[in-house]
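Reading through the structure tokens given below for one structure.
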Amino acid sequence: MKNKVIGIDLGTTHTLASYYEDGELKVFNPEDPLIPSVVSYPPDGEPLVGREAMEYAKKDPENTVFSVKRFMGKGDDSLDLQNHRFPFSLHPHQGLWQVRIRDRWVSPQEISAHILRHVVHRIKGEENETQAVITVPAYFNGAQRQATRDAGKIAGIKVIRIINEPTAAALAYGLHEIKSGTIAVYDLGGGTFDFSLLKVTNGVFRVLSTHGNTFLGGDDFDEALMADILEKKGLSLCHLNHKNLHNLRCMAKEIKEELSDQHKVEKMFQLEDVHIKAEYTRESFDRLIAPFIKRSLESCRRALKDAGKRKKDITQVILVGGSSRVPLVRTMLAEYFGKELFCSINPDVVVAMGAAMQASLIEDQVQDMLLMDVTPLSIGLETVGGGVTKIIMRNAPIPAQASEKFTTYVDNQTAIDFHILQGERELVEDNISLAKFKLRHIPPMAAGMAVVNVDFRIDADGILTVQAKEERSGQEAAVEVVPSHGLSMEHVRTIITESILHAREDFDHVRLIAARTDAQTLMMATKKTLAQNPHLAGDEIEMIHSYVKDLEDSCQGKDIAAIEEGLDKLNRETTILAEKMVSNAVLDMVKGKTLEEISKQDGS
Amino acid sequence: MAAGHHSQFNHMDWLKGIPKEELFLLNCFDLFGLSKHLNLDEDLLENRYIQLTQKAHPDRNKENQDWAMVLTARINQAYEELMDFRLRAEAFFRLIDSHMGTNNKTMPEGFLQKVFIWNERQEEGNLDFDEVEECYDEFRLFLINESIKPEVDQKEFRMKLNGLKYLENLMNEEDV
């Protein structure tokens, strides 16, 4: 188990790993493969992960984090936490949801990294460099995928591919059981739901469409049960403290699981000194959870529509995720599709096994299969007035590439702002903001003259890069996309090296170079304009020359603020200059004409 | 470029000789080695799509990742283009167009009046979608037949193709 690439299912409730060996998929630690995705932070010493963390949570729930996947890559404006009571303290910090552990902030990426590191150390020991394929819900957006990748990086893992969980599940079944045709994968986990349609032809697994819900899963069943138990006593979830909530949650999970093979379950819940009896039959439980399953079927309907398929076109239905064990889920699905359900592989481990299969496909150990994925959400750019132009459409096969041409809006504009969005809605505010970037150093020219080609590329991991190039001048300006809801590259580096100082220096260095280049561009353009335009008054030219001189001087030094200030001054002054040039040109036109003649001219 | 006559193996070799920068300039018919008309055998296209992707995908081209990524992206894009009838017709028109350009917005005679009435009926909730579909099929058939002729009536082709977009929009309303 030294150099194998492993597959990791980094789940909302459980995490597990698998690998491909001797022509077979193997789960790590098969007797007990599921590691709870829980991390505890004791006051001293290393963080605890998994069962140990669960144990620790009983005495210190405030410093124990679970369901971290729910807020991976979520910006402070994109997460509604109203309905999710976490015992730990979750707050927006520096544009991200982060957990406050005593006196420090811990990002979702770091928490996930603790889980990943724990999993990898159990398999490989501390020495070996690890390569892994990590799975994410198909419905994850670019920022969430990037956050997952960053978590791997922080954990010291080389992430060779991010793949969608439902696709992984189908791969795990392999070519022995999957026939050519259209496959539906229904994945109901603890916290997220995904539904995907795949077309399989001669070993090529092609994703046709995918739909899902990042806030739907078995946890909802638990919460519905918890609320119902309390309601019978006239109580609600908000009356309970963290410790009682934790205990009630554990009991609700037990009831749910036991009802999968028993018809009736009875439990006692001790709330301080009150005993509450919880008695459920399968029917009474089914009534509580049916609305959630109906919502999942709505996603199925939409995925079918997107793929242009009907229910009768589906040849096989694969079940994934622990919650697909719930009998009502199976009954409602079988009824909906009218097909036999595939569940011969344990739905808890099937995704990790598929990830290991994909790892071996990339590593050339298995040659007769190929996975072709799609991008789950459309990608576009903000347009004037808060609208969105879609560049790559939802469910487009990846890798994908598309480009769009843009131009400048005002005369002598030297920069264009781009705002990259992900989602299906028409307005910017309704979509996910993925990144913002600026294309600088456009040579000054009249509005509409610049031709900026913006290239969108989604690689085989579903991760997006965008490049912009001004074509008329032949000048290429590269841009880097920093996910606005992920950690910036600097941030990731900071965590890895745990040296804030170095990252700060790097960042300043980048800023210094950017400021200097901006200054050079502007100074050159200004000098050129001055040389060509004799209209300007001597004192104005002198003033501008002095600003150029000042800016030249500050560019010699390393004081970023000074350069930026000089840049600002010169920019302001040259804008006035541009206006003057325009009015001088108008003066030329109207010279020697009467007011009457001019107004006639205007009117024509 | 007689790409249509190449066997699949040779076809891939031919693609391999095309520089990365030019892959997106290649028209979608040549890319899959298909003859240039609208009467597309969708099964044949799907077969070629899968065969090509199996060879072109970055996972199968370790030593030439960047080229493989661009080629696969182009194959994906061209496949989507060909599978959609209107986009396929637009791609075909770009190949034969000698003077009209894609910005030409002319419509078949009497068509706009028809669309106007349909729109009104749709707002009243009594639009007969079969009638719209019938018109769509008529246009579609015309475009396919025209595309096989040695001399395409470009003016009529452009107008009917412009009309398709209106009809598609109307038919999409039915799903809402």
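Each reported figure results from applying straightforward, stated rules to the coordinates on display, with no laboratory input. Please read these numbers as outputs of a predicted model, since none were measured by experiment. Every residue, glycine among them, receives a Cβ derived from its backbone with ideal geometry; neighbour counts consider all protein chains shown.
Let me know the volume per residue of the alpha-carbon convex hull for the range A:151-227, in Å³.
130 Å³
Whole Å is fine, so just give me how far the alpha carbon centre of the range A:311-341 lies from that of the range B:56-95.
Taking the Cα centre of each part, the range A:311-341 and the range B:56-95 sit 34 Å apart.
For A:C250 and A:T281 in one chain, what is 0.36 nm times their gap in residues minus the Cα-Cα distance, to one decimal in nm?
In short, 9.3 nm is gained.
What average count of beta carbons from other chains do you get within 10 Å of the Cβ of residues in A:195-206?
So the per-residue partner count for this stretch is 2.
Counting only other residues whose beta carbon sits under 9 Å from that of A:G181, what net charge do I get with K and R as +1, D and E as -1?
+1
Given charges of +1 on the Cβ of Lys and Arg and -1 on the Cβ of Asp and Glu, with all other atoms neutral, how large is the dipole of the range B:1-127 about its Cα centre, in debye to the nearest 20?
My answer is approximately 280 debye.
How do A:R295, A:R102 rank when sorted from fewest to most other Cβ atoms within 10 Å of their own Cβ?
Ranking A:R295, A:R102 by Cβ neighbours within 10 Å, fewest first, gives A:R102, A:R295.
When N counts the residues of the range B:48-176, how does its alpha-carbon radius of gyration compare numerically with 2.2 N^0.38 Å, as a ratio?
1.36
Which ³J(HN,Hα) values, rounded to whole Hz and listed in residue order, are derived for the range A:231-247 from phi using the Karplus coefficients 6.51, -1.76 and 1.60 in 6.51 cos²θ - 1.76 cosθ + 1.60 with θ = phi - 60°, glycine and proline given as x?
Result, rounded to whole Hz: 4, 4, 9, x, 10, 9, 4, 6, 7, 9, 7, 4, 5, 5, 4, 4, 5.
What is the extension gain from A:K264 to A:H176, computed as 0.36 nm multiplied by their sequence separation minus the C-alpha to C-alpha distance, in nm to one decimal?
Additional length available on full extension: 27.9 nm.
Among A:T414, A:G50, B:W67, whose Cα sits farthest toward the positive end of the charge dipole of the protein assembly as shown (+1 at Cβ of Lys/Arg, -1 at Cβ of Asp/Glu, about the Cα centre)?
So the residue we want is A:G50.
Can you pull the mean other chain C-beta count within 10 Å for peptide B:70-78?
Across the residues of B:70-78, the mean count of other-chain Cβ atoms within 10 Å is 5.
State, as an integer percentage, the relative contact order of the range A:1-54 based on alpha-carbon contacts under 8 Å between residues 6 or more apart.
Relative CO of the range A:1-54 lands at 24 percent.
Rounded, prolate or oblate: which fits the range A:257-404, taking a ≥ b ≥ c as square roots of the Cα gyration tensor eigenvalues, rounded meaning a/c under 1.5, else prolate when a/b beats b/c?
Here the range A:257-404 falls in the prolate category.
Can you tell which of A:A132, A:F86, A:G203 lies farthest toward the positive end of the dipole of the range A:47-203, using +1 and -1 charges on the Cβ of basic and acidic side chains (Lys, Arg; Asp, Glu)?
Farthest towards the positive pole: A:G203.
Tell me the Rg and the Dmax, in Å, that the Cα atoms of the range A:268-308 produce.
18.0, 58
Could you go through the range A:450-460 in sequence order and give the Karplus-derived ³J(HN,Hα) for each residue, using 6.51 cos²θ - 1.76 cosθ + 1.60 with θ = phi - 60°, rounded to whole Hz, and x for Gly and Pro?
Running phi through 6.51 cos²θ - 1.76 cosθ + 1.60 with θ = phi - 60° gives 5, 10, 9, 9, 9, 9, 10, 10, 10, 7, 5 Hz.
Three principal axis extents, largest first, for the C-alpha atoms of the protein assembly as shown, in Å?
In descending order, the Cα extents are 100, 71, 57 Å.
Starting from the Cα-Cα distance between A:A561 and A:A531, subtract it from 0.36 nm times their residue separation and give me the gain in nm to one decimal.
Taking A:A561 through A:A531 to full extension adds about 7.9 nm, to one decimal.
Determine the alpha carbon to alpha carbon distance for each of A:K232/A:K253; A:K199/B:K55; A:K179/A:K312; A:K58/A:K267; A:K390/B:K155; A:K69/A:K312 and list only those over 25 Å.
In this structure, A:K390/B:K155; A:K69/A:K312 lie more than 25 Å apart at Cα.
Percent relative contact order of chain B, based on C-alpha pairs within less than 8 angstrom and at least six residues apart?
With pairs under 8 Å counted, the relative contact order is 22 percent.
Could you check the simple spin-label distance between B:N169 and A:R51, using points 7 Å along Cα→Cβ, in nm with one decimal?
6.4 nm
Round to a whole angstrom and tell me the spacing of the C-alpha centers of the range A:175-199 and the range A:415-441.
32 Å
Which whole-number percent is the relative contact order of the range A:178-325 (Cα, under 8 Å, 6+ apart)?
34 percent
Through the Karplus equation 6.51 cos²θ - 1.76 cosθ + 1.60, θ set to phi - 60°, convert the phi angles of the range B:153-164 into ³J(HN,Hα) values in whole Hz; use x for Gly and Pro.
Result, ordered by residue: 6, 4, 5, 5, 4, 4, 5, 5, 5, 4, x, 3 Hz.
Given the options B:F139, B:F116, B:F29, which has the most mean-square fluctuation in a GNM of chain B, springs set between C-alpha atoms less than 10 angstrom apart?
B:F116
At a 10 Å Cβ-Cβ cut-off, how would you order B:Y166, A:Y20, fewest neighbours first?
Exposure proxy ranking, most exposed first: B:Y166, A:Y20.
Got a sec? How would A:R122, A:R394 order by Cβ neighbour count within 10 Å, fewest to most?
A:R122, A:R394
Could you give the size of the charge dipole of the protein assembly as shown about its Cα centre, using +1 on the Cβ of each K and R and -1 on the Cβ of each D and E, expressed in debye and rounded to the nearest 20?
I would put it at about 900 debye.
I'd like to compare A:22-30, A:165-173, A:244-252: which one has the highest average count of other Cβ atoms within 10 Å, and what's the full order after that?
In decreasing order of mean packing, A:22-30, A:165-173, A:244-252 become A:165-173, A:244-252, A:22-30.
For the protein assembly as shown, what does the helix formula give at 222 nm: sum of -39500 (n - 2.57) over DSSP H segments with n ≥ 4, over the residue count, nearest 500 deg cm²/dmol?
For the protein assembly as shown, the value works out to -15000 deg cm²/dmol.
Which whole number gives the average, over all residues in B:45-53, of C-beta atoms from other chains lying within 10 Å of the residue C-beta?
Neighbouring Cβ atoms belonging to other protein chains average 3 per residue here.
Under 13 Å from the Cβ of A:M445, count the other residues' Cβ atoms, weight Lys and Arg +1, Asp and Glu -1, and hand me the total.
Neighbour charge sum, excluding A:M445 itself: -1.
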